[in-house]
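Student: Quick one: structure below, then a few questions.
The values are calculated or read from the model by the stated rules, or taken from the named source; none is laboratory data. For clarity, every value in this text was computed on a predicted model and none was experimentally measured. Using ideal geometry, Cβ is built from the backbone for each residue, glycine included, and neighbour counts are taken over all protein chains shown.
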Number of protein chains: 2
Amino acid sequence: MSEISPSAGYTQTLRCELQQQPGTLGRLTSAIGEAGGDLEALEIVGHRKGIVIRDVSVMARDEAHARQIAAAARAVAGVEVVGVTDRIFEQHRNGKISVRSNIRVRTRDDLAMAYTPGVGRVSQAIADDAELVWDYTIRGNAVAVLTDGTAVLGLGDIGPEAALPVMEGKALLFKEFADIDAFPICVNASSADELVAVGRAIAPTFGGINLEDIASPRCFEVEDRLKEALDIPVFHDDQHGTAVVVMAALTNAARSVGKSLEQLRIVMLGMGAAGVACVELLNHAGVADIIGCDRRGIIHRGRDDLDDVKRAVANKTNRGHRTGDTAEAFRDADVFIGLSGPNTVDPDWVAAMGDPAIVFALANPVPEVMPERLPPNVAVVATGRSDYPNQINNVLVFPGMFRGLLDARATRVDLDTERAAAEALADIVTDDELSSDYVIPSPFDERVVPAIARAVRSQVTGAGAARKDNIA
Amino acid sequence: MSEISPSAGYTQTLRCELQQQPGTLGRLTSAIGEAGGDLEALEIVGHRKGIVIRDVSVMARDEAHARQIAAAARAVAGVEVVGVTDRIFEQHRNGKISVRSNIRVRTRDDLAMAYTPGVGRVSQAIADDAELVWDYTIRGNAVAVLTDGTAVLGLGDIGPEAALPVMEGKALLFKEFADIDAFPICVNASSADELVAVGRAIAPTFGGINLEDIASPRCFEVEDRLKEALDIPVFHDDQHGTAVVVMAALTNAARSVGKSLEQLRIVMLGMGAAGVACVELLNHAGVADIIGCDRRGIIHRGRDDLDDVKRAVANKTNRGHRTGDTAEAFRDADVFIGLSGPNTVDPDWVAAMGDPAIVFALANPVPEVMPERLPPNVAVVATGRSDYPNQINNVLVFPGMFRGLLDARATRVDLDTERAAAEALADIVTDDELSSDYVIPSPFDERVVPAIARAVRSQVTGAGAARKDNIA
C-alpha cells in the first residue's frame, strides 16, 4: 500500500477544536502524517475560550484510508474532531457545469430579438440554407458526451444516472481546456441499436459526438455505425484518445533511446477497447511488429477462442506467428504497453525484454507493474498516474482533438486524424526538453491544445473532410 | 399594414456617412420615419474630413419593410449608406447559450478532484443510492428542450437544425427567467415512436423535459407516452404553457367584469395543440360551457370529419349540442378565444357576443381580429403581441412552472399542477392593479416566476409527486 500516494481525489476536511496549549497542533499534524495522510491545507476558522477551531484538509489514498486518518486525528489528546466533510462531494454538489446565457433578456425588445419574432428569421434562414446552422447556433462549438453507462471508469456497468458525474466532468474538461460547449447525454439504452438510434437522433444539435465509457464490444459497433450514419465526427475517447496519447508518448520514448517508432517490437497486454485502438493506430503509423496478449496469452490466428474484435487483432499483429503465454511475448520486445489490470506483469518478464526497454504500464490506479519494481534494462516508464513521470492521460488529447474538429467543422475523424494529433502532441516536446522522464507534456502545458487543434484542422482540411476550409 | 408596429425582431443597423452640413441628419431621420421605421439608436462611430460616420439602428415591420427603409436612407441627399447589418443575425451568431464550468481546473489536484479519481467516488455513491443523482449532478436543475422541428413557430416542419435557434432561445429564457440549465435537443425523428424513444433514452440526464414545436397530432401521442414512461415531468409548452396563461388571463378578465371563470360561455376557434389544451384545462377548472370551432365550424358529436383529438373535444364541450358555422358559435358568448390564424374573425361576429364581451385573439403576429376593429361590446382584449395591452405570452409560465417542478424534484406534472400555476399567475394582479388593460402581468414582473414556482411546488408536494418535500 505504501507504493500508492495520497490523492486529492480523496480529500477530507476535518473541523478540529484544538486546546490552546503548546504542542497540540504539532501532535495533530504528526498523527495525520503517521497515518499516511498528506496535509493539504490548514485554516483557522474560529476561536472560543481556550480553543482554536481549525479546518484541516487531508488527502488520503482511498476511502478506508481517509477513515483511518480521521480516527487518528480523533485519538490526539487536546483535539476534538467536530466535523468531517468530504471535499469531493462538496465540490460536485449540484453538478460541475451549468448553462450560461450569451444574451441578456431584460426588456420586451430583448425578447423580440432573442426569441420571437427575431429568432424565426434565423430559423427560416437555416431552413433555406442548412449550412447556416454552423454560423448562427451553438452547433459549431457543441459536443455531446454520450454514454450508456456500461463501462464507467473502473466501476463497470453502473448505468446512466451514476455515469452522469463522469460525463459532466468530461464536459467540464472540454470547457476548461478547449472552451468547447460539451453537454452530457447519459442514456437508457439496452442495446447497440438503441444507442446508435439515440446518437443519430441527437446529432443535429452537435458538431461532434464524444462516446464515453461504453462497454466492449458494444462500443465498436456503436462507433462504426454512428460514423457511417453521421456527417459529424464521432470519437470514442476511451479508444482513440488513449491510442493518440500512447502513440505520442511512444514516439518520444523511442526518440529518447535513439529509435524510430517503426523499428519497435511491441508487446501489448489487454485487448479491450483501448488496446485494440492502440493496435490499429500504431499499425497505421507504420509499426509492423506488435504482439497482442489477453489473459490467455499471445493472440494468434491459431486460437479458436477469439471474438471478432480479437480475430481482427490477430490478423493485424504477430507477423512472426508466435504462440505461448504472455511471459513468452515479452522476450526480446522493445516496448511493453499494458492496458489491462493491476499487477498483471511479473518484473522478471520485463527483465527478458531488450535493453533499453520501454514500459507503459497504464492500468489505473494500480499499474501492471509498479515502476519501483522494474529491472535495470528499462529506460523509459510511463503510467496513468500523476505521481510518476510520464503520465498518459486522455485529457492531453480530446480537448485539442475536438477543438480542431470543430474549428474545421469536420465531417469525420479517422486514423489519419489521430496520427496527425499524436505527431503534433509528440512534437511539443523539444529535443532540449526530451528525457526518459519527460516523453509527454503535462495536460496543463499551454502548447498542447493549440498544437493538436492546428494539426487536426489541417489534416481534416487536407483530407476534404472540413466544411470550413477558407479561414486560417 | 399600418396596423402592425415595427418590432425589435426586425432591427437593422445602417452605417451611414453623412456630409457635415446642417440638416443632413434631420433629412435622414425624417426619411426613415416617413418610411415607417422606428429609430432605435443613433451612434457616432467615426469622422472623416467633412464626413460624420453614424450607425443608425432602425426597427422595421418585416424584412421587406427593412429593405424599404434602407432604400429610403440611401435616397437622402448628403448621406451614403456604406453598410447594412442585421442586428438579429449578429446577436444569434455562434448561438445564444454556452456551457459554463462551475469548477476551475488548473492543477493536477484540481483534476483529481473534479475528474478521476474523485469523480469515481461520486459515481459509486449514486450507483449505491440512485437518489443522490439529484444532489451531486446537474440533473436537479437540468431541462431538455426537446423537439423534432416539425412545427416551429409559424414556420412549420423546418427540421431539427433550423429549429435549433428557437430551442436555444427557449433555453436562454429558462436561464434568464428562472436560472434553469436547459439544453436544446433537436432530433431527427421521423415518427412518434422515434421521438418517444429519444425522450425515454435521454431522461436520466434531466430533471424535466420541455417538449416544443412538435406537430399535432404527434405531439399528443409523444407527450402521453413519455408521461407514462418517465418519472420526471414532461410538459409540452405549446399546449400547456398556453393553456395556463390563457386560464390566468381569462380568470382576471372575468374578474374585471365582475364574473367568475365558471360562469363564462366560451367560444374557441382553432383546435390545434394549444386549443385542445385550453379546452382541457378550462374544463378541469370548472368551465362547463365551451364551444370549440375549427375551420369547418362548430365541433359537435354529429360531425363525421373529426379525428380522435377533435372527437375528444366534441365529447367534452358543446353541452347544448349546437351546430353551424363559427359565426353562429359567437352568438351570445361571453368569451372568444382564438388560437387559429390571422384575420379569421369578422368583427360582426363579435358584435353578436354578449356585453361585456372578452376577446382573446391570440394568433401571432397577426391576430384573428385586430383590436382596433372590435365593436363596443368588447370590454377586455388580449393578444399575443407586445404592442397591445394584455399580451398572452408563454414566457409567463414555463420558467416558473419548471422552477417549481425542479425545486420539488417532481415526478410528474398534470392538470392540477397547471391549474395551480394559472391561479398563482392570476393572483399576482391585485385588485388595485386589475383593469381591462391589465389582466395579466408582464413577463418582466419579478413576482411571476417565484409565485408560480411556489404554487407548483406546493401542489406537486401535496399530490405526492415530489421527491423532495422536506425543504421549505
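Student: Restricting attention to the stretch B:70-92, and to residues there that are within 13 Å of chain A (Cβ to nearest Cβ) and touching a helix residue (DSSP H, G or I) at 6+ places or on another chain (Cβ under 6 Å), which single residue is nearest to residue A:141 (Cα to Cα)?
Tutor: Among residues in the stretch B:70-92 that are within 13 Å of chain A (Cβ to nearest Cβ) and touching a helix residue (DSSP H, G or I) at 6+ places or on another chain (Cβ under 6 Å), the one nearest to residue A:141 (Cα to Cα) is B:92.
Student: Among the residues of the stretch A:192-205, which ones are in contact (Cβ under 8 Å) with a residue 12 or more places away in the chain and either among the small types (Gly, Ala, Ser) or assigned to a loop (DSSP other than H, G, I, E, B) (or both)?
Tutor: A:192, A:199, A:203
Student: Now a separate question. So, in the stretch A:52-69, of the ones that are over 14 Å from residue A:36 (Cβ atoms) and of a type outside the set (Asp, Glu), which residue ends up nearest to the other protein chains (Cβ to nearest Cβ)?
Tutor: If we take residues in the stretch A:52-69 being over 14 Å from residue A:36 (Cβ atoms) and of a type outside the set (Asp, Glu), then A:57 is nearest to the other protein chains (Cβ to nearest Cβ).
Student: How about the stretch A:155-200: which of its residues are under 19 Å from the mean Cα position of the chain (by Cα), facing chain B (nearest Cβ under 7 Å) and among the acidic types (Asp, Glu)?
Tutor: Matches in the stretch A:155-200: A:168, A:176, A:181.
This table checks each residue for (1) touching a residue at least 60 places away in the same chain (Cβ under 8 Å); (2) crowded, with 24+ Cβ neighbours inside 10 Å.
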position	(1), (2)
B:377	no, no
B:404	no, yes
B:410	yes, yes
B:415	yes, no
B:423	yes, no
B:434	yes, no
B:437	no, no
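Student: Moving on to the next point. Can you name every residue in the stretch B:254-300 that is within 23 Å of the chain's Cα centre (by Cα) and at positive phi?
Tutor: Once the filter is applied, which keeps residues that are within 23 Å of the chain's Cα centre (by Cα) and at positive phi, the stretch B:254-300 yields only B:270.
Student: Please verify whether residue B:145 is more than 7 Å from every other protein chain (Cβ to nearest Cβ) and within 19 Å of residue A:182 (Cα to Cα), treating the condition exactly as stated.
Tutor: Against the criterion (more than 7 Å from every other protein chain (Cβ to nearest Cβ) and within 19 Å of residue A:182 (Cα to Cα)), residue B:145 qualifies.
Student: Select from the stretch A:1-26 the residues that are buried (at least 16 other Cβ atoms within 10 Å of the Cβ), of a type outside the set (A, V, I, L, M) and not in a strand (DSSP E or B) and list them in ascending order.
Tutor: A:6, A:24
Student: Quick check on my filter: what residues within the stretch A:369-400 are part of a helix (DSSP H, G or I) and of a type in the set (S, T, N, Q)?
Tutor: A:394 - this is the single residue of the stretch A:369-400 that is part of a helix (DSSP H, G or I) and of a type in the set (S, T, N, Q).
Student: Identify all residues within the stretch B:130-140 that are part of a helix (DSSP H, G or I) and facing another protein chain (nearest Cβ under 7 Å); write none if there are none.
Tutor: Those that are part of a helix (DSSP H, G or I) and facing another protein chain (nearest Cβ under 7 Å): B:130, B:133, B:135, B:136, B:138, B:139, B:140.
Student: In the stretch A:209-225, what residues are buried (at least 24 other Cβ atoms within 10 Å of the Cβ) and either over 19 Å from residue A:411 (Cβ atoms) or within 14 Å of another protein chain (Cβ to nearest Cβ) (or both)?
Tutor: Within the stretch A:209-225, A:209, A:210, A:212, A:213, A:214, A:219, A:222 qualify.
Student: Considering each residue of the stretch A:387-402, count those that are within 15 Å of residue A:439 (Cβ to Cβ) and facing another protein chain (nearest Cβ under 10 Å), and give that number.
Tutor: Residues that pass the stated criteria total 2.
Student: Another one. Checking the conditions here, which among A:224, A:213 is modelled with pLDDT of 95 or more, more than 22 Å from residue A:96 (Cβ to Cβ) and out of contact with any Cys (no Cβ under 6 Å at 6 or more places or on another chain)?
Tutor: Sole residue among the options that is modelled with pLDDT of 95 or more, more than 22 Å from residue A:96 (Cβ to Cβ) and out of contact with any Cys (no Cβ under 6 Å at 6 or more places or on another chain): A:224.
Student: Quick one: residue B:45 ticks every box in (1) more than 14 Å from every other protein chain (Cβ to nearest Cβ); (2) within 24 Å of the chain's Cα centre (by Cα) bar one, so which box is it?
Tutor: Tallying (1) more than 14 Å from every other protein chain (Cβ to nearest Cβ); (2) within 24 Å of the chain's Cα centre (by Cα), residue B:45 fails exactly one: (2).
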